[in-house]
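What follows is one structure encoded as structure tokens, with my remarks underneath.
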Amino acid sequence: MTIKTFIMDTSDNKLWFPKAVMGQRPSSSWYYGRAIFVSRHDYRKIFFMFLAVGIPLGLIALIFKSKLFWGLAFFTGFLGLLLLFLSLTGLYLQYGPLAKNYIKKLLTLESLPANPVVADIHIGTYRHSYLLSEQIPGSKIVSVDCKQEPRFSEELAVREVQMLETPRQSKNITTVYTRDFKIPLQDSSCDAVVFGFGTHEIPDEEREKIFNEAKRILKTGGKIFLFEHGIDFVNYLIFGPVIYHVTKKEKWHLLLSEKFIQVKQARLFAVNLFSAGK
């Protein structure tokens, strides 16, 4: 079953969050709202976890009139609200209007020629293509969508992200689709290749293929960029235990070092930034 079929099978479940309008760029608020929407499954699990702890504490405090257990119950509730606030703030920094700041910093790691051809490789979200187009004047963005691959993540949040967004065709953004993780672009045809959030959802074997493809389509002297979440305390506060399924920054650094040269690394907000050359 291909991912395309899988998406069609789940489309019967009505999603109350509005789908992006074909041909129109969604606002930063829409992307922030979508990030919260697809995270609702994890928020629900964490909410019930806090209830499972807080309600017994409250009952014990009520039955035994214990100030200690009242304090523990209120602290549990306060902690839950605090973590929710930190999570919403973190999502805003990564998906709201300020998201352009980490794209800006990413692009400062390397210099690009005038009017570059940039391949944005993603898993069905076109947000990065818009941001790159905005930050690189005169660029031609090729939005490379991998969501139709047979082997792909079946995480519910990922499928909903793909269901809610639409392909983009404009004056300087064109969309192409991979097949068996092969990119339909000529050898040495791009000045830069970008991988963003969601790259960790591509299985390891297929990830090897797509990075080899990235190297193939890069010109000699071309640059590769990558930005991803990491496994660290800040990301844990934002995403909770689900963050443990992402790829560690050390593994990204190793992968880039094996295929490219002069790997650089930086960070902004909770986003790990990488660049390298061919």
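The values are calculated or read from the model by the stated rules, or taken from the named source; none is laboratory data. A quick note: this is a predicted structure, and the numbers were derived from the prediction, not measured. So basically every Cβ, Gly included, is an ideal-geometry build from the backbone, and we count neighbours across all protein chains shown. Remember, those area values only see protein heavy atoms, side chains included, never the ligands or the DNA or RNA. Shrake-Rupley method; radii C 1.70, N 1.55, O 1.52, S 1.80 Å.
On inspection, S143 does not qualify as open to solvent by less than 40 Å² (accessible area, probe 1.4 Å), among the hydroxyl-bearing types (S, T, Y), at negative phi and in a helix (DSSP H, G or I).
Residue count for the range 1-60 satisfying the condition of being β-branched (V, I, T) and modelled with pLDDT of 90 or more: 6. Remark: E155 matches the filter, which requires a residue to be open to solvent by 20 Å² or more (accessible area, probe 1.4 Å) and acidic (D, E). Screening V117, V161 for residues that are within 23 Å of Y102 (Cβ to Cβ), surrounded by fewer than 22 Cβ atoms within 10 Å (Cβ to Cβ) and in contact (Cβ under 8 Å) with a residue 60 or more places away in the chain leaves exactly one candidate, V117. Among helices (runs of 4 or more DSSP H) entirely within the range 20-99, having at least 3 residues that are among the charged types (D, E, K, R) singles out 40-64. Only one entry of F274, F211 meets the criterion of being touching a His at 6+ places or on another chain (Cβ under 8 Å) and at pLDDT 95 or above, and that entry is F274. Scanning the range 246-264 for residues that are surrounded by fewer than 19 Cβ atoms within 10 Å (Cβ to Cβ) and in a strand (DSSP E or B) gives I261, Q262, K264. Evaluating P167 against the criteria (1) of a type outside the set (D, E); (2) in contact with a Ser or Thr (Cβ under 8 Å, 6 or more places away or on another chain); (3) not in a loop (DSSP other than H, G, I, E, B) leaves one unmet condition, (3). Picking from K259, K223, which residue would you name as being touching a Lys or Arg at 6+ places or on another chain (Cβ under 6 Å) and either at pLDDT below 95 or within 23 Å of L107 (Cβ to Cβ) (or both)? When all the criteria are applied, what remains is K259.
Count of the range 20-40 residues, restricted to those that are in contact with a helix residue (DSSP H, G or I) (Cβ under 6 Å, 6 or more places away or on another chain) and surrounded by fewer than 14 Cβ atoms within 10 Å (Cβ to Cβ), is 0. When R267 is tested against (1) open to solvent by less than 30 Å² (accessible area, probe 1.4 Å); (2) in a strand (DSSP E or B); (3) modelled with pLDDT of 95 or more, just one condition goes unmet, and that condition is (1). Within the range 187-207, the set of residues being without any contact (Cβ under 8 Å) to a residue 60 or more places away in the chain and closer than 16 Å to K278 by Cα comprises D187, S188. Among the residues of the range 200-241, those that are open to solvent by 20 Å² or more (accessible area, probe 1.4 Å) and either on the phi > 0 side of the Ramachandran plot or outside any helix (DSSP H, G or I) (or both) comprise P203, K219, T220, G221, K223, I231, D232. Summed over the range 163-203, the residues that are of a type in the set (S, T, Y), in contact with an Asp or Glu (Cβ under 7 Å, 6 or more places away or on another chain) and under 20 Å from S139 (Cβ atoms) give a count of 1. Pull up the range 186-199, narrow it to residues that are at negative phi and among the small types (G, A, S), then point me to the one that is most open to solvent (accessible area, probe 1.4 Å). Here the answer is S189.
Residues in the range 179-197 include none that are modelled with pLDDT under 90, closer than 30 Å to R40 by Cβ and assigned to a loop (DSSP other than H, G, I, E, B). Residue count for the range 69-120 satisfying the condition of being farther than 27 Å from L57 by Cβ and of a type in the set (A, V, I, L, M, F, W, C): 13.
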